[in-house]
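**Student:** Would you mind keeping the following structure in view while I ask a few things?
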Amino acid sequence: QGENLLYCFEVAPTQPALTQVTQCRTEGSTRGLAAVPRLALDVMACEVLRVLQLTDTALVPISYLVPRKSVQEFHEDLFPDCTGMLPATDAQGWWAGDSQQVGRVSLHPSRRPTETFTSPIIAGTGPTNAGHTDTDTGHADADQTSGYSSPSSLASPGSTATSLSASTGPSSGFASSPSQKSLQSILGPSSRFRHAQGRVLHRDRHLTNLRGLSLTTPGECDGFCANQQRVALPLLSAGGQIAVLELSKPGRLPDGAVPTIQNGAAVADLTWDPFDPRRLAVAGEDAKIRLWRIPEGGLQETLQEPEAILRGHTEKIYSIRFHPMASDLLVSSSYDMSVRIWELSAGREVLCLQGHTDQIFSMAWSPDGKKLATVSKDGRIRLYEPRRSSQPQQEGPGPEGGRGARLVWVCDGDYLLVSGFDSRSERRILLYRAQALPEGPLSVLGLDVAPSTLLPFYDEDTSIVFLTGKGDTRVFLYEVTPEPPYFLECNSFTSNEPHKGFVFLPKTVCEVREVEFA
């Protein structure tokens, strides 16, 4: 009461239990609302609901119509038989235990019983009064889960009172209006998460006054890395310095120097150990990987001695990734065209994967930790099972463009999503079945033209992939599904200024009470 928005939700017994279908802005503030009984609906105009709104000075009917191609026939799926107007029993019978139900009657105009509901206030139920609705296809949803032959989405309601004058007899522009075509055929299916909103948190949570950042980390590196406790940022100064900042102490950093890690060589990539929040692995351009241990409570003084140094690569390293299941396992890729797996407890290399003929853009462990996928400048995607062989288990065609690529496992590890470029430098995402790489991509989606590689982050709970590049202002969101059309677009997020790097925190930091999922 007192509001001028009317929300319409679809209710289902399964999750998501509530799906918003439309919202309608009314002219006057609501003082009261009542639904008109189903027997009074204009079924031949596919009217599924009519609400009477009481305002300060008027009673306004608001009609909800489902867009259908044909309005000449009765749509039984929209109008099941409804409760009639004749009582099933009387008061004495009910007290005596009679539990008969009121008989159901058909809403079909030619099969109507005589005792229908009539009222002088509500426009008659003849087809001449078809409330002509301006549908806003942008808001209408096509919900896949309903058993209807066309979407259960309702068109945005228009007020019958204001539109009756516009309609001209039975042909009220209804059948010919393009917005009445089956919305599913126009829009296709839509994502359950299409209304996900990206929101920048309050400035109290920001770390500001960052100085001397290195913004030239290689394309294979995310630019910096974070875990639930702290963030590591490569600095410009000589000797490969890395600042380590505590996320529990947000705010403005002091103007003076902050304590750093002295890596001794320019940083090529860096990543936190998922099982040890104090261990940072740093790949250097001197072909060595150094493991650093951050003291309890964060860096108080400059660190100069690494916990361990891994030697084995002969040229500088592209990227490093910790294993998702086992502790002390790390994989690295290098300009020497090898991919090496290291056992950190012993400080040694345990396997060298062969088969690459050019630069290795990206690599990713499968969620179950059994397989390792790589994408390379030679235009191939390779899948390894390191416990079985050092040669690729299968290969398939990757993105054509040689400017860079990333890959991430999606849909419970059954599919691989690759972001890359085509031959004309358009950024695109490709979806592969992990069991059938040689068959090529199931789906390819072109996004835009920009120089930086899209970095994908996948949220396994919602199956949404977030994509953005260094220097971009936009983050694309798509729900990835194992059946066509494979990519369902969601709201993208746009920031005010270009981001130099973009990483996601572990799920455990999400504020679930605010329904924050990433």
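**Student:** Could you please let me know if V282 is closer than 26 Å to P498 by Cβ, of a type in the set (V, I, T), at pLDDT below 95 and crowded, with 20+ Cβ neighbours inside 10 Å?
**Tutor:** On the way: closer than 26 Å to P498 by Cβ: yes; of a type in the set (V, I, T): yes; at pLDDT below 95: no; crowded, with 20+ Cβ neighbours inside 10 Å: yes.
Answer is no for this residue.
**Student:** Would you confirm whether any residue within segment 379-398 is under 23 Å from V503 (Cα atoms) and assigned to a strand (DSSP E or B)? Spell out how you get there, then give the answer.
**Tutor:** Of segment 379-398, the ones under 23 Å from V503 (Cα atoms) are none.
Within segment 379-398, none of the residues are under 23 Å from V503 (Cα atoms) and assigned to a strand (DSSP E or B).
**Student:** Which residues, counting only those in segment 337-351, are of a type outside the set (V, I, T), within 15 Å of S319 (Cα to Cα) and open to solvent by less than 60 Å² (accessible area, probe 1.4 Å)?
**Tutor:** Across segment 337-351, the qualifying residues are S338, R340, W342.
**Student:** Would you be able to tell me the number of residues in segment 489-510 that are under 25 Å from L215 (Cα atoms), in a loop (DSSP other than H, G, I, E, B) and under 18 Å from the mean Cα position of the chain (by Cα)?
**Tutor:** So the answer is 7.
**Student:** Here's a follow-up. Please determine whether any residue of segment 361-380 is more than 22 Å from Y486 (Cβ to Cβ), in contact (Cβ under 8 Å) with a residue 12 or more places away in the chain and aliphatic (A, V, I, L, M).
**Tutor:** Scanning segment 361-380 turns up at least one residue that is more than 22 Å from Y486 (Cβ to Cβ), in contact (Cβ under 8 Å) with a residue 12 or more places away in the chain and aliphatic (A, V, I, L, M).
**Student:** In segment 352-371, how many residues are surrounded by fewer than 16 Cβ atoms within 10 Å (Cβ to Cβ) and either assigned to a strand (DSSP E or B) or in contact with a Cys (Cβ under 7 Å, 6 or more places away or on another chain) (or both)?
**Tutor:** In the first step, residues of segment 352-371 are kept if they are surrounded by fewer than 16 Cβ atoms within 10 Å (Cβ to Cβ); the result is 352, 354, 357-358, 368-370.
Okay, now just the ones that are also either assigned to a strand (DSSP E or B) or in contact with a Cys (Cβ under 7 Å, 6 or more places away or on another chain) (or both), so 352.
Qualifying residue count for the region: 1.
**Student:** Still on this model: Being free of Cβ contacts under 8 Å to residues at least 24 places away in the same chain and either within 20 Å of the chain's Cα centre (by Cα) or assigned to a strand (DSSP E or B) (or both) narrows it down to one residue among V465, V444; which is it? Show your work before the answer.
**Tutor:** Numbers: V465 fails: free of Cβ contacts under 8 Å to residues at least 24 places away in the same chain.
When all the criteria are applied, what remains is V444.
Rundown of residues vs (1) at pLDDT below 95; (2) open to solvent by 50 Å² or more (accessible area, probe 1.4 Å), yes/no style:
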| site | (1), (2) |
| --- | --- |
| A373 | no, no |
| P386 | no, no |
| G401 | yes, no |
| G404 | yes, no |
| R424 | yes, yes |
| R427 | yes, no |
| P451 | yes, yes |
| L454 | yes, no |
| Y458 | no, no |
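**Student:** Follow-up. When the residues of segment 375-384 are filtered to those that are over 19 Å from F322 (Cα atoms) and in contact with a strand residue (DSSP E or B) (Cβ under 8 Å, 6 or more places away or on another chain), which remaining residue is surrounded by the fewest Cβ atoms within 10 Å (Cβ to Cβ)? Before you say what the answer is, go through the steps one by one.
**Tutor:** From segment 375-384, those over 19 Å from F322 (Cα atoms) are 376-381; that's our starting set.
Restricting the remaining residues to those that are in contact with a strand residue (DSSP E or B) (Cβ under 8 Å, 6 or more places away or on another chain) gives 376-377, 379-381.
Working: S376: 23, K377: 18, G379: 16, R380: 18, I381: 28.
This residue is G379.
The values are calculated or read from the model by the stated rules, or taken from the named source; none is laboratory data. Computed from a predicted model, the values in this text were never measured in an experiment. All Cβ positions, glycine included, derive from the backbone under ideal geometry; neighbour counts span all protein chains shown. Only protein heavy atoms, including side chains, enter the accessible area calculation; ligands, DNA and RNA are left aside. Shrake-Rupley method; radii C 1.70, N 1.55, O 1.52, S 1.80 Å.
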